[in-house]
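First the structure, in the form of structure tokens, and then the observations on it.
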Amino acid sequence: MKRHFDCTACGKCCHGWLPLSISDALAHADIFPLFLFWMPVRPGGKSYDLTRELGIELKLKKRKRAAVRVFPVSYVPTHISCPALQNDGLCTIHESKPQRCRTMPLSGARAESDQLDLLIPKPDWDCDVSDTAPLIYDDKHITERQNFEDERQVLIADSKILKPFANLMIDGAPKLRMDLEKVANRPKGGHLILNFSTLVPRLADVDIFKLAKKQASVMLHFADQTAERTEFSDEHKRYVACAQDWQKILD
Amino acid sequence: MTDCPCNSGVDFNDCCGPILDGTTTAQTAEALMRSRYTAHVKGNFDHVANTHAPEIKSTYNKSAAKAQSKGTEWVGLEIRECKDGGVDDETGTVLFSAKFMENGDLNVHRELSDFRRENGEWVYVDGKINPQGEPRRVQKVGRNEPCPCGSGKKYKKCCGK
């Protein structure tokens, strides 16, 4: 199976959640509302082995298992545009944009052989997938590799911080384990969301006060944007609570 | 006299005090553990950072730890078990429970910490939170075996009746 792809800069994929590396999250903390996703994958699920390598393996009840990957996310509500997206569909931070954006539509968080479904554009996207576009995927091999490799390297480097962090959190908070188990057992899967601030004590070089200042204002901005919109009431509550959390550090 | 916050029952100036202000260093893994607890009580995160093993220094953010400890009040330490970590040892482990108040709730932090000597000084290496104890093993006594109480009778005629 061959897949062709060329970006037409339509900006349609620049909406909703955006998984980030730790350094991309910190570099753009002044615009992205940062949270930590905990995403379990059950054996047989998408790229299970890779997820276990990049994350941790969790023993569940009845001898079941799940791999859990923890990663920062720019938590923009689905269908809401990225704060870095301009009206003309271009990116305001193009030169320093996150590795996740550069690797699109491929994903370094998925096995090389497990990319096919990512290469079918969503119905409203304007990607060029005609035969005249460059060939990017051929018989389970990525032909245009650079960004994919770069993203994978970043994820591996991050896992050295995120794995011990995840284990520590799970050991210290039995409720987190129970919640993860619930999510893992859902037929459709899912994720848990924690505040990004929980990770900061493990990041030696971060100035938490500068970060708290940026994030408190970003969270308030998104709380404003989602206020009085019932479809975003969950997100709204999260932004408000998270803004308070960051503010506490500043008080 | 002020009792040391680490609940040793010893005066602060004869216990964790001199270790915190650098006039002396911890002679045992337990003493270092106690001083690190007291450092949390006193908000002395320099001492916490300075007593980390080199390999974990890159995963500890002192100011973030301090900023996020604001709502936490440490209210008591109990050392449960020490393995090695003495004046003649190179490594040691300490199992402890530290109580703290957060948002009006009393919580307990249980940890099994690993310590090691680095250039002669004890440093904190790693810790396992809420460690699982060794599974309890029970020796089964056969009904016809001699009773373990030492009476000389068969178990079934004695304690196993």
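The values are calculated or read from the model by the stated rules, or taken from the named source; none is laboratory data. Note that the coordinates shown come from a computational prediction; the quantities given were computed from them, not determined experimentally. Backbone-built Cβ (ideal geometry, glycine too); neighbour counts: all protein chains shown.
Is it true that A:Tyr48 is surrounded by 15 or more Cβ atoms within 10 Å (Cβ to Cβ), modelled with pLDDT under 95 and among the aromatic types (Phe, Trp, Tyr)? Let's see the steps before the verdict.
Working: surrounded by 15 or more Cβ atoms within 10 Å (Cβ to Cβ): yes; modelled with pLDDT under 95: yes; among the aromatic types (Phe, Trp, Tyr): yes.
For A:Tyr48, the condition - surrounded by 15 or more Cβ atoms within 10 Å (Cβ to Cβ), modelled with pLDDT under 95 and among the aromatic types (Phe, Trp, Tyr) - is met.
Taking only the stretch A:1-21 into account, find how many residues are on the phi < 0 side of the Ramachandran plot and touching a strand residue (DSSP E or B) at 6+ places or on another chain (Cβ under 6 Å).
12
When you check B:Leu106 against the structure, is it out of contact with any Gly (no Cβ under 7 Å at 6 or more places or on another chain) and either in contact (Cβ under 8 Å) with a residue 60 or more places away in the chain or closer than 18 Å to B:Arg36 by Cβ (or both), yes or no?
no
Every residue, every condition in (1) touching a residue at least 40 places away in the same chain (Cβ under 8 Å); (2) farther than 24 Å from B:Gln132 by Cα; (3) hydroxyl-bearing (Ser, Thr, Tyr), yes or no:
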{"position": "B:Thr28", "(1), (2), (3)": "yes, yes, yes"}
{"position": "B:Ala64", "(1), (2), (3)": "no, yes, no"}
{"position": "B:Ser69", "(1), (2), (3)": "no, yes, yes"}
{"position": "B:Lys83", "(1), (2), (3)": "no, no, no"}
{"position": "B:Asp88", "(1), (2), (3)": "no, yes, no"}
{"position": "B:Gly92", "(1), (2), (3)": "yes, no, no"}
{"position": "B:Glu102", "(1), (2), (3)": "no, yes, no"}
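With the condition kept exactly as written, say whether any residue in the stretch A:65-86 is in a helix (DSSP H, G or I) and buried (at least 18 other Cβ atoms within 10 Å of the Cβ).
no
When you check A:Ala241 against the structure, is it more than 14 Å from chain B (Cβ to nearest Cβ), hydrophobic (A, V, I, L, M, F, W, C) and over 21 Å from A:Lys163 (Cβ atoms), yes or no?
Here the answer is no, as A:Ala241 does not meet what is asked.
Among the residues of the stretch B:108-155 satisfying the criterion of being at pLDDT 90 or above and polar (S, T, N, Q), which is nearest to A:Ala173 (Cα to Cα)?
B:Ser113
Quick one: in the stretch A:191-218, of everything that is touching a Ser or Thr at 6+ places or on another chain (Cβ under 9 Å) and more than 8 Å from chain B (Cβ to nearest Cβ), which residue is nearest to A:Gln247 (Cα to Cα)?
By that ranking, first place goes to A:Gln215.
On the basis of being among the small types (Gly, Ala, Ser), surrounded by 20 or more Cβ atoms within 10 Å (Cβ to Cβ) and more than 14 Å from chain B (Cβ to nearest Cβ), does A:Ala227 make the cut? Let's see the steps before the verdict.
Numbers: among the small types (Gly, Ala, Ser): yes; surrounded by 20 or more Cβ atoms within 10 Å (Cβ to Cβ): no; more than 14 Å from chain B (Cβ to nearest Cβ): yes.
Spelling it out, it is not the case that A:Ala227 is among the small types (Gly, Ala, Ser), surrounded by 20 or more Cβ atoms within 10 Å (Cβ to Cβ) and more than 14 Å from chain B (Cβ to nearest Cβ).
Take the residues of the stretch B:103-144 that are among the small types (Gly, Ala, Ser) and more than 12 Å from chain A (Cβ to nearest Cβ): which is nearest to A:Lys163 (Cα to Cα)?
B:Ser113
On the given criteria, is A:Asp114 at pLDDT below 95 and part of a loop (DSSP other than H, G, I, E, B)?
Against the criterion (at pLDDT below 95 and part of a loop (DSSP other than H, G, I, E, B)), A:Asp114 qualifies.
Of all the helices (runs of 4 or more DSSP H) wholly in the stretch B:1-102, which have at least 1 residues that are within 14 Å of chain A (Cβ to nearest Cβ) and within 30 Å of A:Ile161 (Cβ to Cβ)?
Fully inside the stretch B:1-102 and qualifying: B:29-42, B:45-50, B:62-67.
Scan the stretch A:64-92 for residues that are closer than 26 Å to A:Glu231 by Cβ and among the basic types (Lys, Arg) and report the count.
Counting residues in the stretch A:64-92 that are closer than 26 Å to A:Glu231 by Cβ and among the basic types (Lys, Arg) gives 0.
Quick one: which of A:Leu116, A:Leu60 is more than 21 Å from A:Leu192 (Cα to Cα), in contact (Cβ under 8 Å) with a residue 60 or more places away in the chain and not polar (S, T, N, Q)? Spell out how you get there, then give the answer.
Details: A:Leu60 fails: more than 21 Å from A:Leu192 (Cα to Cα).
Answer to the check: A:Leu116.
Which of the residues belonging to the stretch A:1-41 are farther than 28 Å from A:Pro123 by Cα and part of a loop (DSSP other than H, G, I, E, B)?
A:His28, A:Ala29, A:Asp30
Please tell me if A:Leu119 is surrounded by 15 or more Cβ atoms within 10 Å (Cβ to Cβ) and within 14 Å of chain B (Cβ to nearest Cβ).
no
Give me the residue from the stretch A:168-189 that is of a type in the set (Gly, Ala, Ser) and free of Cβ contacts under 8 Å to residues at least 24 places away in the same chain and, out of that set, farthest from the other protein chains (Cβ to nearest Cβ).
A:Ala173
A:Ile161 is checked against (1) at the interface with chain B (Cβ under 10 Å from one of its Cβ atoms); (2) within 27 Å of A:Pro40 (Cα to Cα); (3) without any contact (Cβ under 8 Å) to a residue 60 or more places away in the chain and fails just one. What number does that condition carry?
Of everything listed in (1) at the interface with chain B (Cβ under 10 Å from one of its Cβ atoms); (2) within 27 Å of A:Pro40 (Cα to Cα); (3) without any contact (Cβ under 8 Å) to a residue 60 or more places away in the chain, A:Ile161 misses just condition (3).
Quick one: is B:Gly76 in contact (Cβ under 8 Å) with a residue 60 or more places away in the chain and out of contact with any Gly (no Cβ under 9 Å at 6 or more places or on another chain)?
Yes: the conditions hold for B:Gly76.
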